[in-house]
Amino acid sequence: MNPHQAETKIKRTANALAINTKVSVLAPGTVANLVCGFDILGMCLNEPNDLMEITLLDEKKVIIHSADGYPLPTDPAQNTAGAPLVEMINELDTPRGFEITIHKHIKPGSGIGSSAASAAGAVVAANHLLGNVFSKRDLVRFAMFGEKVASGVKHADNVAPCIYGGITLIRSIHPLDIISIPCPSLYVTIVHPQIEVRTKDARQILRKEVLLKDAIRQWGNIAGLVAGFMQGDLDLIGRSLEDVIIEPVRSILIPGFDEVKYRCKEEGALGGGISGSGPSIFMLSRDENTAIKVEKVMQEIYNRIGLEYHTHVTTINTTGVKILQD
Ligand code: HSE
């Protein structure tokens, strides 16, 4: 569909021949914003992943279970996986529903796309069981309802890369216009200091106005980052990983942020910054050796600060949510 046209919603018929009624999926973590692209850029990760099991029901309802004791809301409308499924089943002309069990490995409030993994995993799995009657773009449209539950606002910079894989640019959400950005293979190091930053709060502290000189610098960085990914120009990627609007405000919520950023770049990282709304910090590196050295620096800093943390060294996931078994 031409993204400039208004959205038209047509009732879909679930594939009557669907043999499988149960599926498991791995729903990956994501890094939203990619430093300068607040709400418009995101990247899918190979680690960490949530595991979700979904069963197709022949009545119009959504049932949610948490497998590992996380106090997830079980009212579908209040659950980041449930709300997108409620939207999806409302667009079917046959009564269908889903029962979901979520094994949450991506901690809520981590900045690694926990709510997006639940939302994207649920809609990809559900669509698989319905016989893939919805497009990826439809799935992003549904999954954004999960982000609205989590942060009060619809944004697609976690759910789009989680569903499409790789790096995505969300040029617009009204109407949805998603562009996959080709990128070189890079390593990603993430540190998750064990404090919780709620996306809702991290959005509320942002200034509502931006100085024109800051906007110009940010536009240059976004364009430079996209060009750097597309041309495989690692130095350009590194130079463009700069945020003069959001990071100066949000970084005060993250102990050790400035030191992590400075020391990781000294160690050879191309650059990085806050992952999503934090508190996780991500760094991109050209090779695995550097990514591991960067991890050691992060560990050393948080050991010294005395704050518990988890780290991941991973790569860019180019395929998004993975169907495991029928
Ligand atoms: N773009 C969103 C934000 C991502 O930074 O608030 C939240 O994960």
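Checked across the range 63-72, the condition of being modelled with pLDDT under 95, crowded, with 17+ Cβ neighbours inside 10 Å and closer than 21 Å to S277 by Cα holds for at least one residue. Against the condition in contact with a strand residue (DSSP E or B) (Cβ under 6 Å, 6 or more places away or on another chain), of a type in the set (S, T, N, Q), within 28 Å of F282 (Cβ to Cβ) and at pLDDT 95 or above, how does N79 come out, does it pass? Taking the combined requirement at face value, the residue does not satisfy it. Is the range 125-139 home to any residue that is at pLDDT below 95 and small (G, A, S)? Looking through the range 125-139, at least one residue is at pLDDT below 95 and small (G, A, S). Of the helices (runs of 4 or more DSSP H) lying entirely inside the range 176-268, those carrying at least 1 residues that are within 16 Å of the ligand (Cβ to nearest atom) are 199-204, 212-231, 247-250, 257-266. Only one entry of K136, K107 meets the criterion of being within 16 Å of the ligand (Cβ to nearest atom) and over 12 Å from A150 (Cβ atoms), and that entry is K107. Residues in the range 35-62 that are near the ligand (Cβ under 10 Å from one of its atoms) and in a loop (DSSP other than H, G, I, E, B) were compared, and the one that is surrounded by the fewest Cβ atoms within 10 Å (Cβ to Cβ) is D39.
The residues on offer are V188, V226, and the sole one that is surrounded by 14 or more Cβ atoms within 10 Å (Cβ to Cβ), under 17 Å from the mean Cα position of the chain (by Cα) and not small (G, A, S) is V188.
One line per residue, one yes/no per condition, for (1) among the aliphatic types (A, V, I, L, M); (2) assigned to a loop (DSSP other than H, G, I, E, B); (3) away from the ligand (no atom under 13 Å from the Cβ); (4) crowded, with 24+ Cβ neighbours inside 10 Å:
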{"site": "L85", "(1), (2), (3), (4)": "yes, no, yes, yes"}
{"site": "G121", "(1), (2), (3), (4)": "no, no, yes, yes"}
{"site": "G131", "(1), (2), (3), (4)": "no, yes, yes, no"}
{"site": "F142", "(1), (2), (3), (4)": "no, no, yes, yes"}
{"site": "G146", "(1), (2), (3), (4)": "no, no, no, yes"}
{"site": "D157", "(1), (2), (3), (4)": "no, yes, no, yes"}
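For the range 277-294, a tally of residues being touching a helix residue (DSSP H, G or I) at 6+ places or on another chain (Cβ under 7 Å) and within 14 Å of the ligand (Cβ to nearest atom) returns 4.
The values are calculated or read from the model by the stated rules, or taken from the named source; none is laboratory data. Just so we're clear, the structure is a prediction, and the values are computed from it rather than from any experiment. Here the Cβ is made from the backbone with ideal geometry for all residues, glycine too, and neighbour counts use every protein chain on show.
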